[in-house]
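Here the structure is laid out as structure tokens; the discussion comes afterwards.
The values are calculated or read from the model by the stated rules, or taken from the named source; none is laboratory data. All of these numbers come straight from a predicted model, not from anything done at the bench. With ideal geometry, Cβ positions are generated from the backbone for all residues, glycine too; neighbour counts draw on all protein chains shown. For accessibility, only protein heavy atoms count, side chains too; no ligands or nucleic acids. Shrake-Rupley method; radii C 1.70, N 1.55, O 1.52, S 1.80 Å.
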Amino acid sequence: KAKEAGGNMYAFYAAAMSAEIKERRTIEEGLRRALEGDQLLLYYQPQIDLRTGAVAGVEALIRWQHPERGLIAPGAFITIAEESGLIVALGEWVLKNACLQSQCWKARGLAGLRIAVNLSARQFKERDLLATVTRILTETGLDPATDLLELEVTETTLMDDMGKAAATLGALRDMGLKIALDDFGTGYSSLNYLKRFRINTLKIDQTFVRDIARNTEGAAIASVIITLGHSLGLTVVAEGVETREQLEILRAAGCDEIQGYYYSEPLPAAAFEEWLAAYKRKARG
Ligand code: C2E
Ligand code: MG
Ligand code: MG
Ligand code: MG
């Protein structure tokens, strides 16, 4: 009887497994088509300077407008893109389109808006990232020294080959790009990284932001990250800020910039422009 149940369990797992493999393959093939077709798009989420109230920059976040499934968030396909290697082409698409958007905004009088792009670990490893970035800058005419382009990396990305990562980040900085350490506090948070890599910005992960109004530990961790960042001369951005209460705690702790639903969800370019115009009108009173 037990053996029979075990057999059934096996059949159950095997079925579930093959369904998962099938789904992965579907996503992978779909993503390949999405890259060729016009199904990928970037959403933009503002980052607000807490001292001035100005919009300091935006983070570009990828979305997939699937012909049958509708709008798909990156959580459902980035890992698959990484495992299949498609992330390299996808990452180039993101960088290029963010640069084009930056040029477009500049042409329409929105200069000085920093654009942040997420980089996957594989983009660091697989190809000559510097050559790719240089090519895209040339193709789009973007000058990172004046046009404020930021790359977001995570600790995991830097961990693999620290020597190479340090050299790459150094070269990107020399080209005028800015580097943000994303999801800070969720990885090893080794102080060694902060000393070794030429980082501009620390992004406090949203898990801590979620906790700051709930318990004293959350607030303490956020406060420590802010103090640490400032003592190293870094800008500190809190992500995932949803409430006024979270914002005020972060402001009191000296956080530089805020990103989160409290101000705006990530929006398509045109909707972001409308949001920005309304935000500026409100700020003028
Ligand atoms: P991330 O880089 O840490 O981006 C922040 C995520 O938090 C975004 O999710 C954003 O929509 C979400 N978020 C922002 N404010 C709030 C808030 O107040 N509350 C809540 N609950 N969430 C908030 P999204 O767009 O789904 O992206 C998820 C992750 O996917 C990103 O995390 C990033 O790791 C990855 N990703 C997105 N776009 C790209 C890309 O172009 N390339 C690569 N390699 N990864 C990307
Ligand atoms: Mg990010
Ligand atoms: Mg993050
Ligand atoms: Mg994240």
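The numbered conditions (1) loosely packed, with under 15 Cβ neighbours inside 10 Å; (2) more than 16 Å from ligand 3 (Cβ to nearest atom) are all true for VAL88 except (1).
Let me confirm something: among ARG214, ARG210, which residue is surrounded by fewer than 17 Cβ atoms within 10 Å (Cβ to Cβ), within 16 Å of ligand 4 (Cβ to nearest atom) and more than 30 Å from MET175 (Cβ to Cβ)? Unique residue meeting the criteria: ARG210. Among the residues of the stretch 160-194, the one identified as within 22 Å of LEU148 (Cβ to Cβ), in contact with a Lys or Arg (Cβ under 8 Å, 6 or more places away or on another chain), more than 16 Å from ligand 1 (Cβ to nearest atom) and open to solvent by 40 Å² or more (accessible area, probe 1.4 Å) is ARG173. The set of residues from the stretch 20-76 being more than 21 Å from ALA277 (Cα to Cα), open to solvent by less than 60 Å² (accessible area, probe 1.4 Å) and not in a strand (DSSP E or B) comprises ILE27, GLU28, GLY30, LEU31, ALA34, LEU35, GLY37, GLN39, ALA73, PRO74, ALA76. Can you confirm whether ARG281 is part of a helix (DSSP H, G or I), of a type in the set (Lys, Arg), out of contact with any Leu (no Cβ under 8 Å at 6 or more places or on another chain) and surrounded by 13 or more Cβ atoms within 10 Å (Cβ to Cβ)? The answer is no for ARG281. Output the residues belonging to the stretch 238-278 that are part of a helix (DSSP H, G or I) and under 17 Å from LEU110 (Cβ atoms). Correct list: ALA269, ALA270, ALA271, PHE272, GLU273, GLU274, TRP275, LEU276, ALA277, ALA278.
Residues in the stretch 128-155 that are open to solvent by 20 Å² or more (accessible area, probe 1.4 Å) and more than 14 Å from ligand 1 (Cβ to nearest atom): ASP128, LEU130, ALA131, THR134, ARG135, THR138, GLU139, GLY141, ASP143, ALA145, THR146, LEU148.
Scanning the stretch 157-215 for residues that are of a type in the set (A, V, I, L, M) and within 14 Å of ligand 2 (Cβ to nearest atom) yields ILE179, ALA180, LEU181, ILE199, LEU202, ILE204, VAL209. Answer yes or no as to whether ALA271 is of a type in the set (A, V, I, L, M), at pLDDT 95 or above and within 30 Å of LYS195 (Cβ to Cβ). The answer is no for ALA271.
Taking the condition of being within 20 Å of VAL58 (Cα to Cα), in contact with a helix residue (DSSP H, G or I) (Cβ under 6 Å, 6 or more places away or on another chain) and more than 16 Å from ligand 2 (Cβ to nearest atom), how many residues in the stretch 225-245 meet it? Of the residues in that region, 0 qualify. Between residues in the stretch 99-119 that are within 20 Å of ARG63 (Cα to Cα) and part of a helix (DSSP H, G or I) and residues that are within 13 Å of ligand 1 (Cβ to nearest atom) and modelled with pLDDT of 95 or more, which pairs lie under 6 Å by C-beta distance while being six or more apart or on different chains? Note: pairs meeting the criteria are SER102/ILE115.
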